[in-house]
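Peer 1: Submitted below is the structure of interest, expressed as structure tokens.
The values are calculated or read from the model by the stated rules, or taken from the named source; none is laboratory data. Please read these numbers as outputs of a predicted model, since none were measured by experiment. Neighbour counts run over all protein chains shown; Cβ positions are idealised from the backbone, glycine included. Remember, those area values only see protein heavy atoms, side chains included, never the ligands or the DNA or RNA. Shrake-Rupley method; radii C 1.70, N 1.55, O 1.52, S 1.80 Å.
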Amino acid sequence: MSPRSRTNQLLYQAELLVGLPVGDDEHSPARRMAIEESALALFELALGSLLKEVTEHARLTSHDWRALLASDGPDVAELQRLRDAMQQPESWLYWLVGQLEKLHSDDGAARRAVQNPSMIAVGSQLTLAEQLLENLQAAKRDIASLRETSQEW
């Protein structure tokens, strides 16, 4: 499988996971959290695959996303473009890196729904699953553009 195919496969699988029904039994909250964190982990794998894909021409020896996207990472145009996106709070990559930090922490990224009746609900708050879907779609749009730039090499 090519890196491009692998990237597409991982993004597709993450979307499939987020769309799975969680049910309405006593295990629903845990199942929802497992699905969200699994989809987030697949998104991380897709990021690694994407970086491998768009830097093939640079013949890099490592494809760890943290090292490649670090400010002192390799001087490759596609990586610089992603580093710039990673600094923009509205970008999918900024969101993803923040969620991956949570995912790798002791607390994890998924949260249980608050069931406190005295709390005021915020209507515009998106669930992690909804945020995942939004950012997967944004990533796919950016990836198409990155692929064009990479293919020019």
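Peer 1: Name the single residue that is least open to solvent (accessible area, probe 1.4 Å) among those in the stretch 22-66 being of a type in the set (Val, Ile, Thr) and outside any helix (DSSP H, G or I).
Peer 2: Checking each candidate, the answer is THR55.
Peer 1: I've got another one for you. What's the total number of residues in the stretch 75-107 that are in a loop (DSSP other than H, G, I, E, B), crowded, with 16+ Cβ neighbours inside 10 Å and without any contact (Cβ under 8 Å) to a residue 40 or more places away in the chain?
Peer 2: 1
Peer 1: Looking only at the stretch 19-48, count every residue that is among the hydroxyl-bearing types (Ser, Thr, Tyr) and at pLDDT 95 or above and tell me the total.
Peer 2: 1
Peer 1: Let me ask something else. So which residues in the stretch 25-41 are over 18 Å from ASP107 (Cβ atoms) and among the basic types (Lys, Arg), if there are any at all?
Peer 2: ARG31 - this is the single residue of the stretch 25-41 that is over 18 Å from ASP107 (Cβ atoms) and among the basic types (Lys, Arg).
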